[in-house]
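Chemist: To start, I am sharing the structure in question, which I have written as structure tokens.
Nothing in this text is a laboratory measurement; each read-out follows from the coordinates by a stated rule. None of these values were measured; they are calculated from a predicted model. Every residue, glycine as well, gets a Cβ built from its backbone with ideal geometry; the counts of neighbours run over all protein chains shown.
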Amino acid sequence: MTARTLTVALGQRSYPIHIGAGLLGEAALYRPALRGRQVLVVSNDTVAPLYLERVRAALEGLEVDSLQLADGEAYKTLTTLGTIYDRLLERAYARDCAIVALGGGVVGDIAGFAAATYQRGVDFIQVPTTLLAQVDSSVGGKTGVNHPLGKNMIGAFHQPRAVIADTATLSTLPERELRAGLAEVIKYGLLGDAEFFDWLEANMEALLARDGEALALAIHRSCADKARIVAADEREAGQRALLNLGHTFGHAIETGVGYGRWLHGEAVAAGMCMAAELSHRLGWLEASSVERARALIERTGLPVAPPPGLGAAEMQRLMGRDKKVAGGRLRLVLLRGIGHALVTADFDAAALSAVLQDFAQRAA
């Protein structure tokens, strides 16, 4: 398969996203992004045994070290972050070093935050190995860790020097994680790309079957949609918040049930269904569009409601801690149609409470 390459256009900080099978070991994709000789590859104990040696081979001739983290959202913490700082300081990494994040979204977020803050910022390369990371978290420069009181509440914007998305790594991805990644793919269609949503409805079975061409196309389209938004609003002063469709609900679910019990994509899937239902009750979205969104998410094997035991009052309390709260008002990403999202605080609070109550009852 020929690699597809697109660019996140951010002036002097622009960077390429390379998408294709067999890219992990391509030295030519790494070298332009490296300015020094010291490289720390941060991975986890699931991904490293599969792919670390291939990445090390691509970096042959440089001073390469590696660090394996425990796998899972539960380890996306300040404590884990500290182990990366320890390694960087113990081995005297200089300001022209680079960190390579080899793994899913958790590895990318933690390693990226370490790169953003070590000596006030060093280079890093994203090498995402999950579908969710390839279409979302590896692109755009959001890095950070979780806190027991809120997901991704501690972090920084720090753009990578390159993203290398090897679609062959998806062959070893557990089925549950593949489906979770598809939630973020669906998100792009819902928030601003109606044509892509139509394509997903027609090709979901091919994606679930891990058809290489279908996956590469979906990843490229998702990254192109995100790159366009990030280039226009890098630090989420406006339209970038659209990328959080389903996330205010979803982050509340993840925090409420405990990090790692639900995958991020699972929580976002349920959150998108809740956002679509609220949009309908506000008179903004047709019932047929709510059903199209729910049906596609359900076909993907993802949840369309929160887990049992997470009550409406607790959901609302956790949503009140969201990063999009401004001036004491909760802002949500809602829909006016398939492919037409908006960020707004101008919604009926009673309608939100009713939606949360109804979904809690469905879950029960």
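Chemist: Lys226: which aspartates and glutamates have alpha carbons under 16 Å from its alpha carbon, excluding same-chain residues fewer than 8 sequence positions away?
Modeler: Asp136, Glu184, Asp193, Glu195, Glu234, Glu236
Chemist: Across the stretch 281-295, in residue order, what do the Karplus-derived ³J(HN,Hα) couplings come to in whole Hz, using 6.51 cos²θ - 1.76 cosθ + 1.60 with θ = phi - 60° and x for Gly and Pro?
Modeler: Going residue by residue, I get 5, 7, x, 9, 10, 5, 4, 5, 6, 4, 5, 4, 5, 5, 5 Hz, with x marking Gly and Pro.
Chemist: Then there is this: What list of ³J(HN,Hα) values in whole Hz, one per residue of the stretch 245-259 in order, does the Karplus curve 6.51 cos²θ - 1.76 cosθ + 1.60 (θ = phi - 60°) give from phi, with Gly and Pro shown as x?
Modeler: 3, x, 7, 5, 5, x, 5, 5, 5, 4, 5, x, 8, x, 4
Chemist: Right, next: Counting alpha carbon pairs within less than 8 Å and at least 6 residues apart, what relative contact order, in whole percent, applies to the stretch 175-363?
Modeler: Answer for the stretch 175-363 is 28 percent.
Chemist: Using the per-residue mean of other Cβ atoms lying within 10 Å as a proxy for protection, in what order, highest first, do the peptides 163-171, 257-265 fall?
Modeler: 163-171, 257-265
Chemist: Just going by the charge dipole of the chain, with Lys and Arg at +1 and Asp and Glu at -1 on Cβ, which of Ala57, Ile297, Val41 is farthest out on the positive end?
Modeler: Val41
Chemist: Cβ neighbours within 10 Å, averaged per peptide: list 189-198, 76-85, 327-336 in order, most packed at the top.
Modeler: In descending order of packing, they fall as 189-198, 327-336, 76-85.
Chemist: With unit charges on the beta carbons (Lys and Arg positive, Asp and Glu negative) and the dipole taken about the Cα centre of the stretch 1-139, which residue among Leu6, Ser138, Tyr93 sits farthest to the positive side?
Modeler: My answer, from the dipole projection, is Leu6.
Chemist: Step through the residues of the stretch 187-203 one at a time and calculate ³J(HN,Hα) from phi using the Karplus curve (6.51 cos²θ - 1.76 cosθ + 1.60, θ = phi - 60°), rounding each to whole Hz and writing x for Gly and Pro.
Modeler: 3, 5, x, 5, 7, x, 9, 4, 4, 5, 4, 4, 4, 5, 4, 7, 10
Chemist: Arg331's amide H: which non-local residues (gap 5+, or another chain) put their own amide H closer than 5 Å, with H modeled 1.01 Å from N in plane and none for Pro or chain starts?
Modeler: Under 5 Å from the amide H of Arg331 lie the amide H atoms of Val325, Ala326, each far enough along the sequence or on another chain.
Chemist: Given H placed 1.01 Å from N in the peptide plane, which residues other than close sequence neighbours of Val100 have an amide H under 5 Å from its amide H?
Modeler: Here the answer is Leu40, Val41, Val42, Ile125, since their amide H atoms fall under 5 Å of that of Val100.
Chemist: Right, something else. Taking the Cα atoms of the stretch 4-172, what is the range of coordinates along each of the three principal axes, in descending order and whole Å?
Modeler: 39, 36, 33
Chemist: Give me the percent relative contact order of the chain, please, defined on Cα pairs under 8 angstrom at least 6 residues apart. Walk me through the numbers before you get to the answer.
Modeler: Working: 718 pairs, mean separation 55.1, N = 364.
After rounding, I find 15 percent.
Chemist: Further question on the same structure: Given just the C-alpha atoms of the stretch 175-363, how large is their convex hull per residue in cubic angstrom?
Modeler: It is 108 Å³ per residue.
Chemist: Relative to the longest principal Cα axis of the chain, at what angle does helix 48-58 sit, 0 to 90 degrees, rounded to 10?
Modeler: The answer is roughly 50 degrees.
Chemist: For the chain, what is the calculated [θ] at 222 nm in deg cm²/dmol (nearest 500), taking -39500 (n - 2.57) for each run of four or more DSSP H residues and dividing by its residue count?
Modeler: -14000 deg cm²/dmol
Chemist: Using Cα pairs under 8 angstrom and six or more residues apart, how large is the relative contact order of the stretch 4-172, in percent?
Modeler: Worked out over the stretch 4-172, it gives 27 percent.
Chemist: Kindly provide log₁₀ I(q)/I(0) values, in the same order as q = 0.06, 0.07 Å⁻¹, from the Debye equation applied to equal alpha-carbon scatterers of the chain.
Modeler: Summing over Cα pairs of the chain leads to -0.20, -0.28.
Chemist: Please report the antiparallel percentage of DSSP beta bridges with both residues in the chain, rounded to the nearest 5.
Modeler: Working: 16 of 40 bridges.
Given both bridge residues lie in the chain, the antiparallel proportion sits at roughly 40 percent.
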